[in-house]
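To start, the structure itself, in structure tokens.
The values are calculated or read from the model by the stated rules, or taken from the named source; none is laboratory data. What you see is a predicted model, and the numbers here were worked out from it, not measured in a lab. Please note: Cβ atoms are built from the backbone with ideal geometry, for glycine as well, and neighbour counts cover all protein chains shown.
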Amino acid sequence: MASNGNIQYVDDPSQKYMFNCGEGFVIDTLPKGARLIYPPSPLPGLPNPKEAIEHALENPIDADPLSAQLRPGLKVTIAFDDISLPLPPMVTPDIREQIIEVLLRKLHDAGVDDIHLICAISLHRRMTGGELKRILGRHIYHHFAPDRLYNHDAEDKENIVHLGDTERGEMVEINKRAVDSDLLIYVNINLVTMDGGNKSVGVGLGTYNSVRAHHTVHAMMHSKSYMDPPNSELHHSCDRQGAIVNEHMNVFHIETTLNNNTFPPILGFLQKKEQDYTSFDWLNLYVNKISTDLFPMGLNRKIFSKVYAPYQMTSIQCGATDPVHKKTLENCLKQQLVEVEGQADILIFGMPYICPYNVNSIMNPILVYCLGMGYFFNFYRGKPLVRKDGVIIFMHPLENKFHKVHHPSYIDFFDNILTQTTDPAEIEKKYEEDFAYNEKYIDLYRNSYAYHGVHPFYMWYWGSYGMKWVKDVIAVNPKSVEAATRMGFSHSKNLKEAIEMAKGQVGPDPQISVYHCPPIFMCDVK
């Protein structure tokens with residue numbers, strides 16, 4: 001195999017390669033000349049995270065030290081990112097717990113006792129008590145829950161404040177407790193470059209009226225990459241909203257980045273290039289594959305949900321929104337960016353068992369669509385990794401299964417909307433508001449553990465740019481051919497057949513690239 005750092009080319013077509021696909025693994029060969037693109041090796045974590053947290057809080061960017069901002073009688077709210085990141089969930093103690101412990105000590109020492117902790121779920125499902133305990137630790141949870149630790153409620157009209165509209169008419173509605181606070185501290189984990197910045201408060205503590213400003217088909221189709229904020233209409237809209245937030249609120253941002261040390265030792269082969277596998281790695285892979293092939297999918301799902309990532313913090317920066325986020329993005333790219341020369345005619349990837357919206361749940365067909373065509377397609381800056389009118393081949397079990405508690409509106413979207421049309425603009429115009437204002441979905445979002453009724457629409461819009469860019473998307477050996485077909489995918493029995501199908505559309509001698517994920521990373525495509 002020819003090798004160049006994170007880029008390798010197949011010179012032996014009998015060589016076996018591993019694809020992480022859902023709650024299992026596929027081992028297959030690739031044609032000679034295929035280009036494999038691997039994630040960078042994990043960067044070293046900060047040697048003393050507690051010391052780094054202290055230093056960042058007292059040496060913020062374009063802001064006074066945190067201790068200088070505190071005094072008795074202040075009303076302070078700490079907001080934090082929800083369970084949608086990092087993926088997989090990290091080993092304990094979670095970074096959010098470590099940071100918030102330091103914050104609470106500083107607030108206590110300064111005589112601040114009016115403190116609320118809010119999980120910034122936006123339109124995501126509420127986190128359970130057990131999930132909050134895992135992120136924040138039992139001590140913080142039991143000290144503050146339920147009156148002073150709770151999920152944001154985007155449908156609690158009495159506790160939402162309209163801060164104003166941007167010059168383009170984008171509405172800014174924010175959690176009332178956060179607005180009324182003398183100081184809002186936002187604790188963020190920047191897993192990917194799409195996260196953080198002005199998106200944290202405006203989306204995380206916003207409402208449907210706030211989010212609908214940029215979670216639109218127009219914004220998605222005019223964002224060259226969701227992972228490249230300077231070229232993303234989504235982020236431009238969030239920045240306009242953020243200007244209003246920062247005009248009316250005193251926000252102290254805490255942003256962190258992680259290395260990509262994603263898997264525990266039992267799954268350590270997932271962190272390696274196949275050419276670096278030891279005999280034990282191959283044995284470990286085959287044992288895991290045989291086991292997951294034999295076990296029922298439900299059991300595999302339970303096992304994989306207990307996989308916790310030994311991430312390490314690579315940076316922490318605090319202070320004003322924009323300069324903090326600029327530094328955060330630089331640190332995120334240090335870990336994730338891989339330079340790639342030229343686009344592919346055919347792009348292949350396996351999709352894992354987890355995405356931001358199925359933690360402790362099921363990867364339903366809409367989420368498979370979003371993960372592949374919304375996230376994996378957009379893990380680039382410059383140009384898409386696959387050329388215009390190229391073909392994407394993905395491997396995932398693609399079951400026609402839904403979590404009835406977490407994703408009730410997804411079921412109705414899949415069964416009643418996609419059977420009528422898959423056109424995102426038509427779906428947005430004809431059906432979005434019916435789901436967004438549906439009282440049943442609102443009640444389930446507020447009082448159960450359901451994603452907001454409008455959420456599947458946004459997942460569909462998320463994949464719209466990728467679907468328009470390529471000529472075809474081929475699902476390899478889906479368990480539900482019906483689900484693949486309904487979402488506009490072709491399907492094949494195996495990878496070899498998929499490649500032959502793709503050649504028929506892009507030509508007989510294609511450049512084939514494999515995005516070898518996880519761990520996640522970004523391609524800087526020249």
Residue selected from the range 404-424 under the condition surrounded by 15 or more Cβ atoms within 10 Å (Cβ to Cβ) and aliphatic (A, V, I, L, M), by the criterion nearest to Leu444 (Cα to Cα): Ile411
Of the residues Asn331, Asn358, which is within 20 Å of Ala309 (Cβ to Cβ), at pLDDT 95 or above and not assigned by TED's automatic domain parsing to the domain that holds Pro408? Asn331
Among helices (runs of 4 or more DSSP H) completely within the range 427-470, the ones holding 2 or more residues that are of a type in the set (Lys, Arg) are 439-447
Tally time: how many residues in the range 85-138 are touching a residue at least 60 places away in the same chain (Cβ under 8 Å), more than 27 Å from His55 (Cβ to Cβ) and part of a helix (DSSP H, G or I)? 1
Failed item in (1) touching a strand residue (DSSP E or B) at 6+ places or on another chain (Cβ under 9 Å); (2) among the polar types (S, T, N, Q); (3) not in a helix (DSSP H, G or I), with Gln275 passing the rest: (3)
Spans of strands (runs of 3 or more DSSP E) in the range 473-526 with at least 3 residues surrounded by fewer than 22 Cβ atoms within 10 Å (Cβ to Cβ) and not basic (Lys, Arg): 490-492
Looking only at the range 189-210, decide whether some residue is buried (at least 21 other Cβ atoms within 10 Å of the Cβ), assigned to a loop (DSSP other than H, G, I, E, B), modelled with pLDDT under 95 and of a type in the set (Ser, Thr, Tyr). no
Selection over the range 52-84 where residues are in contact (Cβ under 8 Å) with a residue 60 or more places away in the chain and part of a helix (DSSP H, G or I) yields a count of 6
Can you tell me which of Tyr369, Tyr431 is surrounded by fewer than 20 Cβ atoms within 10 Å (Cβ to Cβ), among the hydroxyl-bearing types (Ser, Thr, Tyr) and either under 19 Å from Ile37 (Cβ atoms) or at pLDDT 95 or above (or both)? Tyr431
Conditions: (1) within 30 Å of Ile115 (Cα to Cα); (2) exposed (fewer than 14 other Cβ atoms within 10 Å of the Cβ). Pro49 meets all but one. Number of the miss? (2)
Of everything in the range 52-84, what is surrounded by fewer than 21 Cβ atoms within 10 Å (Cβ to Cβ) and among the aliphatic types (A, V, I, L, M)? Give them in sequence order. Ala52, Ile61, Ala63, Ala68, Leu70, Leu74
Close pairs from the range 149-168: first at positive phi, partner surrounded by 16 or more Cβ atoms within 10 Å (Cβ to Cβ), Cβ under 6 Å, at least 6 apart: Gly164/Val172; Gly164/Ile244
Regarding Asp94, is this residue in the same structural domain as Ile254 (by TED's automatic domain parsing), among the charged types (D, E, K, R) and touching a helix residue (DSSP H, G or I) at 6+ places or on another chain (Cβ under 7 Å)? yes
